[in-house]
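None of the figures in this text is laboratory data; all of them are computed from the coordinates on show. Note that the structure is a prediction, hence the values are computed from the model and not measured. We place every Cβ from the backbone using ideal geometry, glycine too, and count neighbours over all the protein chains shown.
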Amino acid sequence: MAEMMDDELLDELELDGQDGGRSADGQALYEHLRMEVDRGQVPLRIDKYLTEHTPHASRNRIQQAAEAGFLHVNDRPVKSNYKVRGGDVITLMLDRPHYDTTIVPEELPLDVRYEDDDLMVVYKPAGQVVHPGCGNFHGTLVHAIAWHLRLLPTYDPNDPQVGLVHRIDKDTSGLLVVAKTPEAKSDLGKQFFHHETNRSYVALVWGNFVEDEGRIEGNIGRDPKDRLRMAVFPPDSEIGKPAVTHWRVLERYGYTTLVECRLETGRTHQIRAHMRHIGHPLFADERYGGIEILRGERTASYKAFIQNCIKLCPRQVLHAQTLGFRHPRTGEQMNFSSPLPPDMLAVIEKWQRRLANQQ
């Protein structure tokens, strides 16, 4: 292939490419990757073949690309069970052209909560994109980190062996850890992979809970009806990646509830998808249906109250509040916490006042 296929590529749909035709529904497609199968290759499922020949791409992601019509053989879309043969030309055709995502340091505000020779803990405000891609190629958190560390000769913002260890969504606020060295990135990455970190989020969700705490388990994978959204699949299915979220009630407001969510895993949109799956979408989360009035009254005053809440915090009401991990060099337990941002506090206080006025 022209470049290595990996899960991030298939997730973000951003790679080198040029116009390569149109999909069945007339949508323009762009060639991002191309490889020719060796002449002596025995027939083999394409998802298995690509998993073996592109070690950074999971079979599940390859299957999703095929289901979306992005995987082509000899200029025709194929499903994941297609058996490749010698001489086949495999291409990955995506629905957007390439944009150079090379990180160039940009002088941007950066809220550093902790820093030493091995790592940094930074606070990302809501509205800031973490990593360039999907139309956001400047002004991201990674650009700000690159500027902050521009004088550190061992830090290359384009080297995947250093940098952010995990991510949060654009409209989620909270704490993130950045590795300055490959050793720190490797150690912290293993802690995240083995669920040895402590992360908790605070969220305002629609509806009341019968219980005070609970556990959500369900694979997270791309929603087949909307590729910008994630969906939950049975844990024993082969669709998506395993995900577990623990939640507990912090405060009840009748029609909404403030909850704490602790992650065992860190999948894309995990809390947002899991909460929607159990019937409690995050308040004001447009992508997952939380911007609608899902609980409450039909009065004009209540509708105005909800609209005012969304104006105060026009995003999913979700904050990555705590972050804990072992220091990769010293082994010391490091724990960090950040207070709720003003927009979330404003909405929560509004619900608290409403509840108080009804009692």
Charge dipole (debye, nearest 20) of segment 57-159; +1 at Cβ of Lys and Arg, -1 at Cβ of Asp and Glu: 840
Mean-square fluctuation maximum in Gaussian network of the chain, Cα pairs under 10 Å, restricted to 281, 43, 132, hits 43
Diagonalise the Cα gyration tensor of segment 45-131 and give the resulting equivalent ellipsoid semi-axes, square root of 5 times each eigenvalue, largest first, whole Å. 39, 16, 12
Largest fluctuation, 194, 319, 32 only, Gaussian network model of the chain with Cα springs under 10 angstrom, belongs to 194
May I ask you to order 145-157, 347-359 by the average number of other C-beta atoms within 10 Å around their residues, highest value first? 145-157, 347-359
Which number gives the lysine pairs in the chain that have C-alpha atoms under 15 Å apart and are eight or more places apart or on different chains? 6
In nanometres, the difference between 0.36 nm per residue of separation and the alpha-carbon distance of residue 293 and residue 264 is 7.4 nm
So which GluC sites (Glu not before Pro) in segment 179-224 are both in a DSSP loop and have at most 16 other Cβ atoms within 10 Å of their Cβ? 196, 211
Among 267, 39, 59, which one moves the most in a GNM of the chain with springs linking Cα atoms closer than 10 Å? 39
Expected 222 nm ellipticity per residue - DSSP helices of 4 or more, -39500 (n - 2.57), all of the chain, to 500: -6500 deg cm²/dmol
Percent RCO, i.e. relative contact order, over the chain, from Cα pairs under 8 Å lying at least 6 residues apart: 12
Taking amide H atoms as placed 1.01 Å from N in the peptide plane, list the residues 5 or more away in sequence, or in a different chain, whose amide H sits under 5 Å from that of residue 219. 233, 243
Size of the dipole of segment 117-257 about the Cα centre, Lys and Arg at +1 and Asp and Glu at -1 on the beta carbon, nothing else charged, in debye to 20? 400
Calculated Rg and Dmax of the chain using C-alpha coordinates, Å: 22.3, 77
Under 5 Å between amide H atoms, partner at least 5 residues away or on a different chain: which partners does residue 171 have, H built in plane at 1.01 Å? 127
Take every Cα-Cα pair in segment 206-262 and report what % of them are more than 16 Å apart. 55
Amide H contacts under 5 Å for residue 164, placed H, 5+ residues apart: 179
Applied in sequence order to segment 250-265, the curve 6.51 cos²θ - 1.76 cosθ + 1.60 (Karplus, θ = phi - 60°) yields integer Hz couplings, x standing for Gly and Pro, of 9, 8, 10, 10, x, 8, 9, 9, 8, 10, 9, 10, 10, 9, 8, 10
Rounded to the nearest 20 Debye, what is the dipole magnitude of the chain about its Cα centre when Lys and Arg each give +1 and Asp and Glu each give -1 at the C-beta? 1220
I'd like the Karplus ³J(HN,Hα) series for segment 197-214: coefficients 6.51, -1.76, 1.60, θ = phi - 60°, whole numbers in Hz, and an x wherever there's a Gly or Pro. 8, 10, 9, 10, 10, 10, 9, 9, 10, 6, x, 9, 10, 5, 9, 8, 7, x
At 20 °C and 1.002 mPa s, what whole-number value in µm²/s does Stokes-Einstein give for the translational diffusion of segment 161-228, with Rh from the Kirkwood sum over Cα pairs? 140
Average Cα contact separation per residue, segment 291-346, under 8 Å, 6 or more apart, as relative contact order %: 29
Geometric extent, Cα atoms of segment 179-288 - Rg, Dmax (angstrom): 15.1, 48
GluC sites (Glu not before Pro) restricted to segment 218-282 and DSSP loop, no more than 16 other C-beta within 10 Å: 238, 264
Jot down the radius of gyration and Dmax of segment 143-199, Cα atoms only, both in angstrom. 12.1, 33
Taking the Cα atoms of segment 102-216, what is the range of coordinates along each of the three principal axes, in descending order and whole Å? 54, 31, 25
Give a residue-ordered list of calculated ³J(HN,Hα) values for segment 28-39 (Karplus: 6.51 cos²θ - 1.76 cosθ + 1.60, θ = phi - 60°; whole Hz; x for Gly, Pro). 5, 10, 10, 6, 10, 9, 8, 8, 9, 6, 4, 4
